[in-house]
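Input: a single structure, listed below in structure tokens.
The values are calculated or read from the model by the stated rules, or taken from the named source; none is laboratory data. Everything numeric in this text was worked out from a predicted model, so none of it was measured. Cβ placement follows ideal geometry from the backbone for every residue including glycine, while neighbour counts extend to all protein chains displayed. Keep in mind that these areas ignore ligands, DNA and RNA; they rest on the heavy atoms of the full protein, side chains included. Shrake-Rupley method; radii C 1.70, N 1.55, O 1.52, S 1.80 Å.
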Amino acid sequence: MAVNIRVVLVDDEAMVRVGLRMVLTAEPDIEVVGEAPDGASAVDVVASTRPDVVLMDIRMPHVDGIEGARRVLAGHPDVRVVVLTTFDEDDYVEAALRAGVSGFLLKVSPPEQLIEAVRTVATGGGLLDPSVTLRVIESFAAAPSVRTPRAAVLDTLTERERDVLRLVARGLSNAEIAGQLYLGEATVKTHVSSVLAKLGVRDRVQAVVAAYETGLVRPGES
């Protein structure tokens with residue numbers, strides 16, 4: 001592949017960073033351009049290396065991965081952050097999603113899943129570890145929705161775009177949405193891109209968060 005995906009590794013354990021580097025640099029399209037031991041250092045490393053993707057541990061001394069993700073994304077909104085952790089409690093996932101991350105993976109995920117995650121978020125996609133299901137998003141969105149600026153943006157969506165967003169929020173792929181709505185997959189992709197632009201979010205994960213937060217989709221709906 002001609003274009004390398006530039007990655008920064010953030011973990012307080014050096015051996016973990018070594019393992020991640022070995023897995024990723026074995027791929028012809030992925031380049032590890034920097035490392036950091038905590039969230040504070042990550043900000044400086046990202047600024048100097050300009051990566052496409054940051055792999056960020058959650059539990060680190062000084063500045064943890066959640067705060068590190070917030071700081072990185074505040075300064076570099078085009079960077080994609082994937083959270084890596086050994087802890088799969090809902091509150092960690094919720095905090096990571098609210099910080100604006102594009103992906104969430106457990107450290108026990110197989111190497112091929114890590115590689116696919118980097119490629120997915122680098123191309124504008126979003127993902128959750130298979131063990132981290134939509135129940136997590138539903139749980140933190142269960143509070144009554146409020147009329148936020150993002151909620152007002154829903155009024156600008158066409159009816160078809162709202163239909164597409166509802167199905168995205170339920171975890172359907174573009175192909176599955178196309179089948180549900182009797183549309184071409186390319187048409188669905190266009191609708192998804194328009195929804196992301198109108199909502200001002202980077203990827204499908206953040207679009208799902210918005211759908212639940214604004215009340216377009218309610219927890220428990222099928």
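Miscellaneous remarks
- Averaging the sequence gap over all C-alpha pairs within less than 8 Å and six or more residues apart, then dividing by the number of residues, gives the range 1-118 a relative contact order of 23 percent.
- Selection of GluC sites (Glu not before Pro), the range 1-59, meeting DSSP coil and at most 16 other Cβ within 10 Å: 13
- Whole-percent carbon and sulfur share, accessible surface of the range 22-68, 1.4 Å: 51 percent
- Cα gyration tensor category, rounded, prolate or oblate, for the range 181-222 with a/c compared to 1.5: oblate
- Residues residue 31 and residue 197, FRET efficiency given R0 of 30 Å [Cβ-Cβ distance, rounded to 0.05]: 0.55
- In the range 1-70, Rg over Rh equals 0.97, where Rg is the alpha-carbon radius of gyration and Rh the Kirkwood radius from pairwise Cα distances.
- Packing rank of 15-28, 156-169, where each peptide gets the mean count of other beta carbons within 10 Å, highest leading: 156-169, 15-28
- Förster-model FRET efficiency, 22 Å R0, residue 162 and residue 91, C-beta, rounded to 0.05: 0.15
- Ranked packing of 57-64, 107-114, 170-177, 200-207, most packed first, by mean Cβ within 10 Å: 200-207, 57-64, 170-177, 107-114
- Debye, to nearest 20: dipole size of the range 1-105, +1 on Lys, Arg Cβ, -1 on Asp, Glu Cβ: 380 debye
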